[in-house]
Amino acid sequence: MKIGKVEVKPSILSIAVFVIFTVLLLVASINSPEVRSQLIWLIPCLFMLLVIPVALNYMSRSQYADLAPQYEAEAKTVRVRLINENMIGKPVRIEGVVERVHFQILNRPQYLVADRSGVISVKMFTSPDEDVHVNDVVEVLGQVIRRYIVVGDPVINCVSIRKIKKSGN
Amino acid sequence: MMPMSDETNLPTLKRFSSRILLLELAVPVLSFGGVILALLFSGPESAFDIRYFALGCVMGSVALAYLAWIRPRKDIVALTTPVYSVLFFVVPSDFAVNVILELLYAVSLTILLIRLKVRFGTATEPGMGGKRSLEEPLKTYCETIRGQANGLNPEVAHSAAVVFARFARGDYQEAAQVAGAAETDLAKTQGWPLLITAFDIVREQALFLEESKDRPEQFIEFSASDTGLLAKSLPRSDRLNERYEVSLDNALLLLFAVAWAASEKDQRALLGGQSFALKLFAS
């Protein structure tokens, strides 16, 4: 679904919640006249279950879309091994192969990206522009942060991840 | 001779290590100790409520959480055990606190402690008065370089520290500038050729990183005769990518070691970059 220039992708979890409650409401309204009398506010509430995640996703994705050009201009391409805790807050660009993908269905994907020099976690707090899978070669733009905000090893807070076609040497 | 900072740091580190060992022992001792006391006083005629002995599990959880906190990689499960101990044993709830619950909790804490030690690395000193020491293998390498760096101008060593720190922070332009200036100064005084090469390598690669450029066809490297003083052995000549990366690792580690050996005022700052140096060593 596209709103303006932003491709909105609500998570599968949000859609599943909407579907489950729709089915429950259907069953309840068939069986109970009391529920049927409340449909005037139950149906808008049901749609809010879909509208709110869509709105949140739109807001986060439009914000990320605004940030991407800024990172594109400022980020330096570094090897994974050179990323360390002294670089917290720096915008970086890395290129590597996706080794693992977690939490994609929650719209909070975490990738494990490896290049020749090492491996690093890449966390994204919204859905990516394109679906990224294991073994894809990607370019990641983001900021170096600590894994648990104030503690933990350095990871990348991803602003943009996109597949690239680049032959290794 | 060992520098003052090392002499004063080592006893602190030993004291701290024994404290960690005591805390690690405290986890099973406190939790199982509480269980044993609960067993001893669990009779109907006992004057004590066995919930008092669950305090051992609570204290064991706090010790485990502290051990998790001082590790470089944080174990969220171990960190939250005090919360669970309070929920299980302190907050009034529907289920009764009994010996079985305490025993299972003590076993869980012990398993978590083993997991913490196996999977989450060694506990590190949490900034005790800012005193820390170099870790191996960096320490041994710095000692090796110390012999060669005798009589080195402290200003050059300070420049080495600045270059390392700037590079670690990702300030590649600044790192290249300082490295270039230091290299020129050293060359004028016909200084240590190995150090000149190290500055040169860092300068060159920092500029490439600043401009996000890939590896060039030809790049500055250490010569085979330098191998004895380098932290990492040079890959085969046909493995250009590896040689390029190892050249930078060796150059940065050499700058770190030179700065550590000949610029005592920078040692504190260098310790802040120790994790990066160790990463370069390990990779």
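Values quoted throughout were computed directly from the atomic coordinates according to the rules given, and no laboratory measurement underlies them. Keep in mind the model is a prediction, meaning the values are calculated, not measured. Using ideal geometry, Cβ is built from the backbone for each residue, glycine included, and neighbour counts are taken over all protein chains shown.
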Original post:
What's the angle, to the nearest 10 degrees (0 to 90), between helix B:4-40's Cα axis and the longest principal axis of chain B?
Top reply: 20
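List B:167, B:219, B:32 from most exposed to least, where exposure is judged by having the fewest other Cβ atoms within 10 Å. Walk me through the numbers before you get to the answer.
Details: B:167 28, B:219 15, B:32 19.
Result, fewest neighbours first: B:219, B:32, B:167.
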Original post:
Looking at chain B, what % of the alpha carbon pairs are farther apart than 29 Å?
Top reply: 50
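Mind scanning A:9/B:213; A:9/A:163; A:123/B:139; A:9/A:76; B:232/B:265; A:5/A:76 and naming the pairs with a C-alpha gap bigger than 23 Å? Please report the intermediate quantities before stating the final value.
On the way: A:9/B:213 35 Å; A:9/A:163 18 Å; A:123/B:139 34 Å; A:9/A:76 29 Å; B:232/B:265 27 Å; A:5/A:76 27 Å.
Listed pairs above 23 Å: A:9/B:213; A:123/B:139; A:9/A:76; B:232/B:265; A:5/A:76.
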Original post:
Along the Cα-to-C-beta direction of residue A:45, a point sits 7 Å from the Cα; which residues of the range A:1-32 have their amide N less than 18 Å from that point?
Top reply: A:17-32
Subject >> Spin-label zone in the range B:76-111 - amide nitrogen under 15 Å from a point set 7 Å from the Cα of residue B:36 along the C-beta vector >> reply: B:103, B:106-107
Original post:
At what distance in angstrom do the alpha carbon centres of the range B:241-269 and the range B:24-55 lie from each other?
Top reply: 54
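Using the 10 angstrom Cβ neighbour count as an exposure proxy, how do B:80, B:110 rank, fewest first?
Working: B:80 13, B:110 16.
If I rank by nearby Cβ atoms, fewest first, I get B:80, B:110.
What's the long-distance tail for the range B:4-119, i.e. % of Cα pairs beyond 19 Å?
On the way: 3318 of 6670 pairs.
More than 19 Å apart: 50 percent of the Cα pairs in the range B:4-119.
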Original post:
When the Cα centres of the range B:172-219 and the range A:146-162 are compared, how far apart do they sit, in Å?
Top reply: 30
**OP:** Could you work out, for the range A:2-73, what percent of all Cα-Cα pairs fall into each 5 Å distance bin, beginning at 0 Å and stopping at the bin that holds the largest distance?
**Re:** 3, 15, 19, 16, 13, 11, 8, 6, 4, 2, 2, 1, 0
**OP:** Rounded to whole Å and sorted largest first, list the principal axis extents of the Cα atoms in the protein assembly as shown.
**Re:** 94, 72, 34
Original post:
What share of all Cα pairs of the range A:76-163, in percent, falls into each consecutive 5 Å distance bin?
Top reply: 3, 16, 30, 28, 17, 6, 0
**OP:** Name the shape class, rounded, prolate or oblate, that the alpha-carbon gyration tensor gives for the range B:60-178, where a ≥ b ≥ c are the square roots of its eigenvalues, rounded holds for a/c under 1.5, and otherwise prolate holds if a/b is larger than b/c and oblate otherwise.
**Re:** prolate
**OP:** For chain B, find the longest principal axis of its Cα atoms and tell me its angle to the long axis of helix B:55-69, 0 to 90°, nearest 10.
**Re:** 10
**OP:** Could you tell me how many degrees, from 0 to 90 and to the nearest 10, lie between the Cα long axis of helix B:240-262 and the main elongation axis, the longest principal axis, of the Cα atoms of chain B?
**Re:** 80
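For a Förster distance of 60 Å, can you work out the FRET efficiency between the beta-carbons of residue B:232 and residue B:93, rounded to the nearest 0.05?
Values: r = 57 Å, r/R0 = 0.94.
So, using R0 = 60 Å, E works out to roughly 0.60.
How big is the C-alpha Rg of chain A next to the rule-of-thumb value 2.2 N^0.38 Å, as a ratio?
Numbers: Rg = 20.2 Å, N = 169, 2.2 N^0.38 = 15.5 Å.
Dividing the Cα Rg of chain A by 2.2 N^0.38 Å gives 1.31.
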**OP:** Using the Cα centre as the reference, give the magnitude of the dipole from point charges on the C-beta atoms of the range B:4-119 (Lys, Arg: +1; Asp, Glu: -1; all else neutral), rounded to the nearest 20 debye.
**Re:** 540
Original post:
Just B:30, B:101, B:248 to compare: in a GNM of chain B, with alpha carbon springs under 10 Å, which one fluctuates most?
Top reply: B:101
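When the convex hull of the Cα atoms of the range A:106-155 is projected onto a plane and the area is averaged over all directions, what value comes out in nm²? If you can, show how the numbers build up before the last one.
Numbers: hull surface 15.9 nm².
It is 4.0 nm².
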**OP:** Work out Dmax and Rg for the range B:184-283 from the C-alpha atoms and quote the Rg first, both in angstrom.
**Re:** 13.8, 41
Subject >> Pair residue A:119, residue B:242: separation of 7 Å Cα→Cβ label points (nm) >> reply: 1.9
Original post:
residue A:37 to residue B:21: FRET efficiency via 1/(1 + (r/R0)^6), r the Cβ-Cβ distance, R0 56 Å, to the nearest 0.05?
Top reply: 0.20
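In the protein assembly as shown, what percentage of the DSSP-assigned beta bridges are antiparallel, given to the nearest 5? Intermediate values should be presented prior to the final figure.
Values: 31 of 35 bridges.
Looking only at bridges with both residues in the protein assembly as shown, the antiparallel portion is about 90 percent.
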Original post:
Residues with amide H under 5 Å of residue A:160's amide H, sequence separation 5 or more or different chain, H placed in the peptide plane at 1.01 Å from N; which?
Top reply: A:141
**OP:** Between residue A:133 and residue A:164, with labels modelled 7 Å along Cα→Cβ, what's the label distance in nm to one decimal, could you check?
**Re:** 2.2
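Neighbour counts of other C-beta atoms within 10 Å: give me B:276, B:41 arranged from fewest to most.
On the way: B:276 24, B:41 15.
So the residues, fewest neighbours to most, are B:41, B:276.
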Original post:
In the Gaussian network model of chain A, springs joining C-alpha atoms below 10 Å, which of A:121, A:14, A:37 carries the largest mean-square fluctuation?
Top reply: A:37
**OP:** Evaluate E = 1/(1 + (r/R0)^6) for residue A:151 and residue B:269, where r is the Cβ-Cβ distance and R0 equals 25 Å; express this FRET efficiency to the nearest 0.05.
**Re:** 0.75
